[in-house]
1. Taking only Cα atoms, what is the 0 to 90° angle, nearest 10, from helix 180-193's long axis to the longest principal axis of the chain?
2. If we sort 181-192, 17-28 on the protection proxy, mean other Cβ atoms within 10 Å, highest first, what's the order?
3. Which order, highest average first, do 196-202, 267-273 follow once you tally other Cβ atoms within 10 Å for each residue and take the mean per peptide?
4. How far is helix 118-145 tilted off the main Cα axis of the chain, in degrees rounded to 10, range 0 to 90?
5. Sorted from largest down, give the three principal axis spans of the alpha carbons of the chain, whole angstrom values.
6. With the cut-off at 1.5 for a/c, could you classify the stretch 10-157 from its C-alpha gyration tensor as rounded, prolate or oblate?
7. Apply the Kirkwood formula to the stretch 106-209: the hydrodynamic radius equals the inverse of the mean of 1/r over all pairs of different alpha-carbon atoms; give it in Å with one decimal.
8. Bin width 5 Å, origin at 0, all Cα-Cα pairs of the stretch 169-230: what percent of pairs per bin?
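Just so it is clear, none of the values below were taken in a lab; they were calculated from the coordinates. Here the structure is a predicted model, which is why all the values come from computation and not from measurement. As a convention, Cβ positions derive from the backbone with ideal geometry for all residues, glycine included, and neighbour counts pool all protein chains shown.
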Amino acid sequence: MSRGNASGEVLKTPMEICWQFDYAIGIEKLRTLYTKAKRAQWDADQRVDWELEVDPSKPIVDEESFGFDRIPFMQTLSQRQREAFTANVAAHRLSQFLHGEQGALMTASALTHAVPDYEGKLYAATQTMDEARHVEAYDKYIHKLAIVYPISPWLKEVIDTTLQADHWVKIAIGMNMVVEGLALAAFHNTRKQTTCDLLRELTSLVLRDESRHVAFGNLYTRETIQDMHEDDREDIAQFAFDVVKMMAEATGGVDGRGRRKPDPGFVKMLETVGIDPGDFIKSVIEAGQAGIKMERPPGQIHSFKDLMMPALVRVGAVTDRTRALFKEEGIPVWDDLTVLESMEDVDTGDIDFDQMS
Ligand SMILES: [Fe+2]
Ligand SMILES: [Fe+2]
């Protein structure tokens, strides 16, 4: 029964949850990851210097990747309007981080329920706490800029599909590989490009936690998928394909340059700063026709190519059958692990606790 909170929303899930009375550790690498996670906990109140000044008029997120600054229309705005636009575009972007973190908080707690192994439950509990902290910290930061904007419908669709999956491996695929693939790239690019010291500090701390979350997805699902009956493996692979396709369609294709699904939150953001959404969209189309390129600045991480697809291939969530489906959709099955491995906490052997502050 719903508590009837008007701003909340209730979903039903078909997930089976699992007790585990065997407390012996069977998967040593997961225990190590759990131990690391316990020792790397941080308190957002104490660890982040919230006194650092935030100047909302400066580019706060990777605006360049959108290329807004290159649209002639922006030059027609007053200085005040441009500053308001910059602050609100950042708040809109970071609002997606915030809502995505709440999604991660719920999927991590769902994993705690559903995974069959004791050490898997312990680890997932630490990820749950990590995600709670990320929600808290991003919420606090956004309120320094502007207001919290609603979740983009496409992001919600991907997270809802993941939350309503019937097997924990699907949750790990939907969140720890696909949504967190998108998030890791966005966090990395934001940390690199932001002019805001507070956001850089905060995002660095978040990224350190996320590196464990990606490692968990790999460590724990790979063997499970390998040991599955072929039919179950195909079911998992189909889920991975469906979620990636959903993400690609929503974000304008794997290169991000196609047509994006409309986002009412973004329209609301334009209205908030006094920009006519029709004029804005028209100017973006005209800029595109005039050959003004909104290219990704060099050195940025590509979420599909560098993170999502290699993670799925590595755990065996892409089969020969779904390879053909990806091809039909025009989504290359990238499998170069270089960037992914450089960003995850792969060292689950010896723990150098001195390195952990
Ligand atoms: Fe997170
Ligand atoms: Fe995470």
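1. 50 degrees
2. Working: 181-192: 21.8, 17-28: 10.4.
Descending packing order for the listed peptides: 181-192, 17-28.
3. Details: 196-202: 19.4, 267-273: 16.9.
Put in order of decreasing packing, that is 196-202, 267-273.
4. Rounded to the nearest ten degrees, it is 10.
5. 66, 50, 46
6. Numbers: a/c = 3.28, a/b = 2.18, b/c = 1.51.
Taking the square roots of the gyration eigenvalues as a ≥ b ≥ c, the stretch 10-157 is prolate.
7. Details: mean 1/r = 0.0671 Å⁻¹.
Radius from the Kirkwood sum: 14.9 Å.
8. 4, 18, 24, 18, 13, 9, 6, 4, 2, 1, 0
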